[in-house]
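The values are calculated or read from the model by the stated rules, or taken from the named source; none is laboratory data. Nothing here was measured: the structure is a model prediction, and the numbers come from that model. Counting neighbours? That spans all protein chains shown, and the Cβs are built from the backbone with ideal geometry, glycine included.
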Amino acid sequence: MQEEGLLSETAHEVSPEVPRHVLIVDDDKASLFALKRMMEHWGWSVTACPSFEEGRTAIAEPVAPDALVVDVRLGQYNGLQLILLAKQNHPNLRVVAVSGFDDQVLRAEAAGIGATYLTKPIDLNKLREYLAPVASLAADDSVR
């Protein structure tokens, strides 16, 4: 189930709980599709957006996602801008910024706006660990 070169680990078991919703924004369609498939395999409901504009539209929806995974480089846009927009309306949103570059400046900027920073190929164990608190809320019916 691993997409060659895009994801660094294989998936484990599928989560049996009620699906949480993640919004993924990445203009690299292969990366977007691979991560979408993996998150769905883990039991998440996924909205996949291939552009900054589509991601911005999805963030403006009245129901917020439980988590957001955004590529830092989205064509002429910076994915960190999208994270800032999302955090304005949903300050407690769990956010992951991903990039093909291990750039310390971008890593610091991501941390400064409340996002964790992962490099591609994405270490799925780290991604899953970071999103685990959100996924575990699925068992709590009072959350939604």
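Scanning segment 115-144 for residues that are modelled with pLDDT under 95, small (Gly, Ala, Ser) and not in a helix (DSSP H, G or I) gives a single hit, 142. A count restricted to segment 1-36 and to residues that are in a loop (DSSP other than H, G, I, E, B), crowded, with 20+ Cβ neighbours inside 10 Å and either modelled with pLDDT under 95 or more than 16 Å from the chain's Cα centre (by Cα) (or both) stands at 1. Of the numbered criteria (1) touching a strand residue (DSSP E or B) at 6+ places or on another chain (Cβ under 9 Å); (2) more than 15 Å from residue 26 (Cα to Cα), the one residue 60 fails is (1). Here residue 100 fulfils each of the conditions (1) among the small types (Gly, Ala, Ser); (2) in contact (Cβ under 8 Å) with a residue 40 or more places away in the chain; (3) in contact with a Ser or Thr (Cβ under 8 Å, 6 or more places away or on another chain) apart from (2).
A single member of 133, 121 is in contact (Cβ under 8 Å) with a residue 12 or more places away in the chain and farther than 23 Å from residue 33 by Cβ, and it is 133. Against the criterion of being in contact with a Cys (Cβ under 6 Å, 6 or more places away or on another chain), of a type outside the set (Asp, Glu) and surrounded by 14 or more Cβ atoms within 10 Å (Cβ to Cβ), residue 96 does not qualify.
Yes/no matrix, rows are residues, columns are (1) farther than 19 Å from residue 34 by Cβ; (2) free of Cβ contacts under 8 Å to residues at least 40 places away in the same chain; (3) aromatic (Phe, Trp, Tyr):
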{"position": "46", "(1), (2), (3)": "no, yes, no"}
{"position": "52", "(1), (2), (3)": "yes, yes, yes"}
{"position": "55", "(1), (2), (3)": "no, yes, no"}
{"position": "60", "(1), (2), (3)": "yes, yes, no"}
{"position": "66", "(1), (2), (3)": "yes, no, no"}
{"position": "69", "(1), (2), (3)": "no, no, no"}
{"position": "74", "(1), (2), (3)": "no, no, no"}
{"position": "80", "(1), (2), (3)": "yes, yes, no"}
{"position": "83", "(1), (2), (3)": "yes, yes, no"}
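Could you grab me the full set of residues in segment 38-53 that are closer than 19 Å to residue 99 by Cα and of a type in the set (D, E, K, R)? Correct list: 53 only.
Matching residues to (1) more than 22 Å from residue 29 (Cβ to Cβ); (2) of a type in the set (Lys, Arg); (3) surrounded by fewer than 19 Cβ atoms within 10 Å (Cβ to Cβ); (4) touching an Asp or Glu at 6+ places or on another chain (Cβ under 8 Å):
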{"residue": "65", "(1), (2), (3), (4)": "no, no, no, no"}
{"residue": "70", "(1), (2), (3), (4)": "no, no, no, yes"}
{"residue": "75", "(1), (2), (3), (4)": "no, no, yes, yes"}
{"residue": "89", "(1), (2), (3), (4)": "yes, no, yes, no"}
{"residue": "115", "(1), (2), (3), (4)": "yes, no, no, no"}
{"residue": "129", "(1), (2), (3), (4)": "yes, no, yes, no"}
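Considered as a group, the residues in segment 53-63 that are hydrophobic (A, V, I, L, M, F, W, C) and surrounded by fewer than 21 Cβ atoms within 10 Å (Cβ to Cβ) include one that is modelled with the lowest pLDDT, and that residue is 63.
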